[in-house]
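Asks: Encoded as structure tokens, here's the structure I'll be asking about.
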Amino acid sequence: MQPEKQALLQKLTAHEKLNKAQWMTLLTDVTEDDRAEAAKAARAEALQIFGNKVFIRGIVEFSNYCKNDCLYCGIRRSNANAQRYRLTDDEILECCDEGYAIGYRTFVLQSGEDFTYTASHIAELVRRIKAAHPDCAVTLSLGEREYDELKLMRAAGADRYLLRHETANAAHYGMLHPPQMSFAHRMECLRGLKRLGYQTGAGMMIGAPYQTAEHLAEDMCFLQEFRPEMIGMGPFLPHKDTPFAKEPKGSYELTLYLLSLCRLMLPHVLLPATTALGTIHPQGREQGILAGANVIMPNLSPTAVRKKYMLYDNKICTEDQSSDCRFCLQQRMKSIGYEVAVTRGDYAE
Ligand code: 5AD
Ligand code: FES
């Protein structure tokens, strides 16, 4: 490893902050050796904090209606080929009950930006889930909402909220989203979530169209300052019915490297080896854990709707039932010497 990079990796391992130029150095001309060194340090850090335990979150994709038109996303409003669906509250509850029985203690309610579910409706749903499963955490992933709405849902018992920032560079944000969407509003939303005491998740795709090493350096600077409790990060994968259909997918290796850097930068962060990582490579989730991730987020949606929640092409597990994924993951973790933890898995320092 180049001495300059080596020194920066050591700085990071000692939990010192890096500036943008230093992040640029770490993110330029990345070699196999760099990745191996970073993964080794990141895995050691994760083992120190979490042992060989991996947290699981069951995702219920309850609606694929979306008022937005993000250029990368398969459930964007203008995709007329998407078959739209909504689950009822009872169906969502059933998914959680099924998940509870097989060891999930966190439920993630995820949807497009579907405003037919008002904040008070979601709040009521959260209350019902919490009443049925008081030992569980509820994570929301509904896109941007106003502060008062976030407040209402938080008061109802929602513990966490996932809202990837997508890119910390306003100009790049503009290239990935239609003009109606606002970078400033997204950032405001993220700050509101933190203020309300949500365990907050930010993150970005690796290899999104037009992304440069400088953008990634800016993402790392943003994450370093914002200190989210969770970071969602996976490779960009094209979807055939979007304007980015012909764009190249992101790099598997670079995604693993960034996972390692995130672990070193924010040692306690809850960091999933994402479904996109499992889609780009058959051993992606295992390798993600070995690179410093500590969370896996399998699907808890009814098999009948899984194919309809296609953010990108070839998403894995769309034919499987919840119990299949649960036990598949148990085996996969075992194969690399890790165990699935049946706990909420909250952020803790
Ligand atoms: N490839 C990879 N990730 C995607 N997402 C949306 N579309 C894609 C895609 N084509 C990610 C976004 C979003 C999260 C729910 O999924 O980062 O925030
Ligand atoms: Fe779904 Fe392996 S995780 S089948």
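The values are calculated or read from the model by the stated rules, or taken from the named source; none is laboratory data. If you're wondering where the values come from, they're calculated on a predicted model, not measured in any experiment. Positions of Cβ are backbone-derived with ideal geometry, glycine not excepted, and every protein chain shown enters the neighbour counts. To get the accessible areas, we keep the full protein, side chains included, count just its heavy atoms, and leave off ligands, DNA and RNA. Shrake-Rupley method; radii C 1.70, N 1.55, O 1.52, S 1.80 Å.
Asks: Taking 30 Å as R0, compute the FRET efficiency from the Cβ-Cβ separation of TYR210 and ALA348 and round it to 0.05.
Replies: Plugging the Cβ-Cβ distance into 1/(1 + (r/R0)^6) gives 0.20.
Asks: Separate question: List, in the order given, every pair from LYS308/LYS334; LYS17/LYS240; LYS249/LYS307 whose Cα-Cα distance in the structure shown is over 29 Å.
Replies: LYS308/LYS334; LYS17/LYS240
Asks: Give me the 1.4 Å probe accessible area per residue for the chain, excluding ligands and nucleic acids, in Å².
Replies: Working: 13930 Å² over 349 residues.
Normalised by residue count, the accessible surface of the chain is 40 Å².
Asks: While we're on this one: At a 1.4 Å probe, what is the % contribution of carbon and sulfur to the accessible area of region 1-140?
Replies: In region 1-140, the share of accessible area belonging to carbon and sulfur is 50 percent.
Asks: I would also like to ask the following. Run the numbers for GLU16 and GLN48: contour at 0.36 nm per residue of separation, minus the present Cα-Cα distance, in nm. List each step's numbers first, then the result.
Replies: Working: separation 32, 0.36 × 32 = 11.52 nm, distance 1.82 nm.
Between GLU16 and GLN48, full extension yields an extra 9.7 nm.
Asks: Here is a further query. Considering the alpha-carbon set of region 167-265 alone, what are its Rg and its Dmax in angstrom?
Replies: 13.8, 40
Asks: Excluding MET230 itself, calculate the net charge of residues whose Cβ lies under 12 Å from the Cβ of MET230, where each Lys or Arg counts +1 and each Asp or Glu counts -1.
Replies: +2
Asks: Measuring from label point to label point, each 7 Å out along Cα→Cβ, what is the SER78 to GLN2 span in nm?
Replies: With each label placed 7 Å out from Cα toward Cβ, I get 4.0 nm.
Asks: A further question follows. Measure out, as a whole number of angstrom, how far apart the alpha-carbon centroids of region 85-107 and region 1-75 sit.
Replies: Distance between centres, Cα-based: 30 Å.
Asks: Got a number for carbon plus sulfur as a percent of region 206-311's accessible area, 1.4 Å probe?
Replies: The nonpolar share, carbon plus sulfur, comes to 57 percent.
Asks: Looking at the square roots a ≥ b ≥ c of the eigenvalues of the Cα gyration tensor of region 25-111, which shape do they give, rounded for a/c under 1.5, prolate if a/b is larger than b/c, or oblate?
Replies: oblate
Asks: Check which residues have an amide H placed less than 5 Å from GLY203's amide H, if you skip close sequence neighbours.
Replies: Residues meeting the amide H criterion: HIS165, GLU166, GLY232.
Asks: Can you give the three extents of the C-alpha atoms in the chain along their principal axes, from longest to shortest, in whole Å?
Replies: 58, 44, 38
Asks: Mind giving me the nanometre distance, one decimal, between the label points for ASP320 and THR303, set 7 Å out from Cα along Cα→Cβ?
Replies: For the pair ASP320/THR303, the computed spacing is 1.3 nm.
Asks: Residue by residue, what Karplus-based ³J(HN,Hα) values in Hz, rounded to whole numbers, does region 257-273 have, using 6.51, -1.76 and 1.60 with θ = phi - 60° and x for Gly and Pro?
Replies: So the J values, rounded to whole Hz, are 4, 5, 4, 4, 5, 5, 4, 5, 6, 10, x, 8, 4, 7, 10, x, 7.
Asks: Set Lys and Arg Cβ to +1 and Asp and Glu Cβ to -1, take the dipole of region 64-151 about its Cα centre, and tell me which of ASN79, TYR117, CYS66 lies farthest positive.
Replies: So the residue we want is ASN79.
Asks: For GLU32 paired with GLU188, estimate the spin-label separation in nm (one decimal), with each label point 7 Å from Cα along the Cα-to-Cβ line.
Replies: 4.9
Asks: Roughly how many debye, to the nearest 20, is the charge dipole of the chain about its Cα centre, given +1 on each Lys and Arg Cβ, -1 on each Asp and Glu Cβ, and no other charges?
Replies: Using only the charged Cβ atoms, the result is roughly 220 debye.
Asks: Let me ask another. Taking θ as phi - 60°, what are the ³J(HN,Hα) couplings along region 181-186 by the Karplus curve (6.51, -1.76, 1.60), each to the nearest whole Hz, with x for Gly and Pro?
Replies: 8, 10, 4, 4, 5, 5
Asks: Could you list the GluC sites (Glu not before Pro) in region 1-92 that lie in coil according to DSSP, counting only those with at most 15 other Cβ atoms within 10 Å of their Cβ?
Replies: Here the GluC sites (Glu not before Pro) that fit, given the DSSP loop and packing criteria, are GLU16.
Asks: A follow-up question, please. Which whole-Hz couplings ³J(HN,Hα) result when phi for each residue of region 218-231 is put into the Karplus expression 6.51 cos²θ - 1.76 cosθ + 1.60, θ = phi - 60°, listed in order with x for Gly and Pro?
Replies: Using θ = phi - 60°, the values come out as 5, 4, 5, 4, 4, 5, 5, 7, 6, 6, x, 7, 9, 10 Hz.
Asks: Assuming R0 = 22 Å, what is the FRET efficiency of ARG128 and GLU339, from their Cβ-Cβ distance, to the nearest 0.05?
Replies: Efficiency computed from Cβ-Cβ geometry: 0.10.
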